[in-house]
Amino acid sequence: MSSNLKNSRRSFLKGSLLALGGISIVPRHVLGKGHLAPSDHLTKGIIGVGGMGRGHFDYAGTKTVAICDVDTRHIAIAQETLGKTVKTFADYRDLIQLPEVDIVHIATPPHWHGIMAADAAREGKDIWCEKPMTRTIGEGKKVMEAVKQHGNVFRLNTWFRFDSNFYGMNTEVKNIKKLVDSGMLGWPLKVTVGKLTGFDWKFYWVGKTGLNEMPIPKELDYDRWLGPAPYKPYNEHRTHGTFRGYWDYDGGGLGDMGQHYLDPVQYFLGKDETSPVKVEVDAPQQHPEAVGTWRKITYTYEDGCQIILDGEGTTEAPYIEGPEGNLYRGFKSDIPNLERKLAQFPEPAPQVTDFVDAVKNRKKFALNEQNGFRSCTLVNMGLAALRLNRDLHFDPVKLAFINDEGANRLIDQPMRAPYTI
């Protein structure tokens, strides 16, 4: 931290302590970790205030005090809700250095997630990051290292492992976890994720080829939007709502929905501390810039468990297939009297699912930088196989592909200068 930043932080602390009696929101850091402000609120800065970022202004127990976006239209729309007193920035580095911000919420395209999360961790901020956690496996490793070093509380924003009905399963994931843990389905298990089991891969998130250069809108800082991504001439389809269709920024439907769909699978299979040893892909050859569709992606773990991603939506299979029984869409099973039998088994271990409580009491959140990295690795393994159009073998301990130099180059991809993580 620079001496100027330290001095400004020291001045802020002094001024804040003198003014405690006259304000309603006091940042946690003013009183030190583990101590709460009189308001019992945490302060928050949001990077990226498009639709996703604006949807989190009023998260219970927090107050948004700063926002950042490279599009001045987004800033103006956000100010209509938050008021003109909210601090606004075009450069995220200015926001994360604010001493009055406790939590940094990252709601940008995924090619920014890793850099911003690691930088926020180094500034001592707690972090709420949208999915996918990072665009590459290497960036995820760097985020884990930064969070571990600086003791931050990290939340990845996909909640299905601990809250809400899980898409077509029509039940909470804890009930699926309880069934798997009971052993009634047997082992190993095969999980099929596709339209017929209730999971749409959103293949409308595909890129376009042969894009013509367009004038950059005056309200958009396109160079800053690109950030670490390779420079490409501006076309509106690359940015904002349709960026998911381009490898430089995301990974199509798998990048968009993969962590939503696969993190709970990883959880109920008990794979939070490992990764598959093989990924197989059945897909058309992908364009080097534009994400396309795929027919099938298959992950295999060392113990024989498999996750099948059914892109065509034609695979007639149970959601979970086991040697002793099957579980189907809607939490239906061929095991007689399933619910009565399941009631005899213990509930899954409790999880820390209140992010505000986790921050205040320095607890590890249910979906954090470690298990979130593993479920994001599922996504990024699949994307690597898809881009290369070949099957890959993976070492879940070394976190590297085996005997495949091309695949390993996708783990740590170059960033456009001067950006680094």
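Which pairs have Cβ atoms under 7 Å, sit 6 or more apart or on different chains, and link a residue in the range 278-297 that is over 10 Å from Arg387 (Cβ atoms) and free of Cβ contacts under 8 Å to residues at least 60 places away in the same chain to one that is among the basic types (Lys, Arg) and in a strand (DSSP E or B)?
The qualifying pairs are Asp282/Lys296.
Which residue is surrounded by the most Cβ atoms within 10 Å (Cβ to Cβ), if the candidates are limited to the range 164-221 and must be more than 16 Å from Arg329 (Cα to Cα) and of a type in the set (S, T, N, Q)?
Ser182
Hey, does the range 341-360 have a residue that's part of a loop (DSSP other than H, G, I, E, B), on the phi > 0 side of the Ramachandran plot and either modelled with pLDDT of 95 or more or hydrophobic (A, V, I, L, M, F, W, C) (or both)?
Within the range 341-360 (the criterion being part of a loop (DSSP other than H, G, I, E, B), on the phi > 0 side of the Ramachandran plot and either modelled with pLDDT of 95 or more or hydrophobic (A, V, I, L, M, F, W, C) (or both)), the answer is no, since none of the residues qualifies.
For the condition of a type in the set (A, V, I, L, M) and out of contact with any strand residue (DSSP E or B) (no Cβ under 9 Å at 6 or more places or on another chain), what is the one hit in Ile115, Ile103?
Ile115
Name the residue that is least open to solvent (accessible area, probe 1.4 Å), counting only residues in the range 316-330 that are of a type in the set (D, E, K, R) and modelled with pLDDT of 95 or more. Don't jump to the end; show me each part of the working.
First, the residues of the range 316-330 that are of a type in the set (D, E, K, R): 316, 321, 324, 329.
Of the ones still in play, those that are also modelled with pLDDT of 95 or more are 321, 324, 329.
Working: Glu321: 79, Glu324: 128, Arg329: 118 Å².
Residue satisfying both the conditions and the ranking: Glu321.
Where residues in the range 271-315 are under 27 Å from Arg329 (Cβ atoms), among the acidic types (Asp, Glu) and assigned to a loop (DSSP other than H, G, I, E, B), which of them is most open to solvent (accessible area, probe 1.4 Å)?
Checked the range 271-315; the qualifying residue most open to solvent (accessible area, probe 1.4 Å) is Glu312.
Inspect all residues belonging to the range 250-266 and state whether any of them is open to solvent by 20 Å² or more (accessible area, probe 1.4 Å) and modelled with pLDDT of 95 or more.
no
For the range 193-211, state whether one or more residues are within 19 Å of Val291 (Cα to Cα), part of a helix (DSSP H, G or I) and aromatic (Phe, Trp, Tyr).
no
Name every residue in the range 132-152 that is open to solvent by 10 Å² or more (accessible area, probe 1.4 Å) and part of a loop (DSSP other than H, G, I, E, B), in order of residue number.
Arg135, Gly151, Asn152
Kindly indicate whether Thr88 is touching a residue at least 60 places away in the same chain (Cβ under 8 Å) and within 22 Å of His240 (Cα to Cα).
Working: touching a residue at least 60 places away in the same chain (Cβ under 8 Å): no; within 22 Å of His240 (Cα to Cα): yes.
So Thr88 does not fit the description; no.
Enumerate the pairs (first residue in the range 51-80 and farther than 28 Å from Asp357 by Cα; second residue anywhere and among the polar types (S, T, N, Q) and buried (at least 18 other Cβ atoms within 10 Å of the Cβ)) with beta-carbon separation below 6 Å, excluding pairs fewer than 6 apart on the same chain, so at least 6 apart or on different chains.
Listed by first residue and then by second, the contacts come to Ile75/Thr88.
Only one residue in Asp102, Asp58, Asp119, Asp94 is surrounded by fewer than 23 Cβ atoms within 10 Å (Cβ to Cβ) and either more than 28 Å from Ala417 (Cβ to Cβ) or under 15 Å from the mean Cα position of the chain (by Cα) (or both). Which one?
Answer to the selection: Asp58.
Give the range 118-131 a look and list any residue that's in contact with a strand residue (DSSP E or B) (Cβ under 8 Å, 6 or more places away or on another chain), over 18 Å from Pro228 (Cα atoms) and part of a helix (DSSP H, G or I), or say none.
Across the range 118-131, the qualifying residue is only Ala121.
Are any residues in the range 269-307 of a type in the set (Gly, Ala, Ser), in contact with a strand residue (DSSP E or B) (Cβ under 8 Å, 6 or more places away or on another chain) and over 22 Å from Lys208 (Cα atoms), and if so, which ones?
Correct list: Ser275 only.
Restricting to the range 70-81, count the residues that are open to solvent by 20 Å² or more (accessible area, probe 1.4 Å) and touching a helix residue (DSSP H, G or I) at 6+ places or on another chain (Cβ under 9 Å).
Result for the range 70-81: 4.
If you go through the range 369-381 one residue at a time, do you hit one that is open to solvent by 80 Å² or more (accessible area, probe 1.4 Å) and touching a helix residue (DSSP H, G or I) at 6+ places or on another chain (Cβ under 7 Å)?
yes
State which residue is nearest to Trp205 (Cα to Cα) when the search covers only the range 293-311 and only residues that are acidic (Asp, Glu) and touching a Phe, Trp or Tyr at 6+ places or on another chain (Cβ under 9 Å).
Keep residues of the range 293-311 that are acidic (Asp, Glu), which gives 302-303, 310.
Going one step further and asking which of them are touching a Phe, Trp or Tyr at 6+ places or on another chain (Cβ under 9 Å), we end up with 303, 310.
Details: Asp303: 33, Asp310: 16 Å.
If we take residues in the range 293-311 being acidic (Asp, Glu) and touching a Phe, Trp or Tyr at 6+ places or on another chain (Cβ under 9 Å), then Asp310 is nearest to Trp205 (Cα to Cα).
The values are calculated or read from the model by the stated rules, or taken from the named source; none is laboratory data. Small disclaimer: the values here were computed from a predicted structure and weren't measured. Positions of Cβ are backbone-derived with ideal geometry, glycine not excepted, and every protein chain shown enters the neighbour counts. In case anyone asks, the SASA skips ligands and DNA or RNA and just uses the protein heavy atoms, side chains included. Shrake-Rupley method; radii C 1.70, N 1.55, O 1.52, S 1.80 Å.
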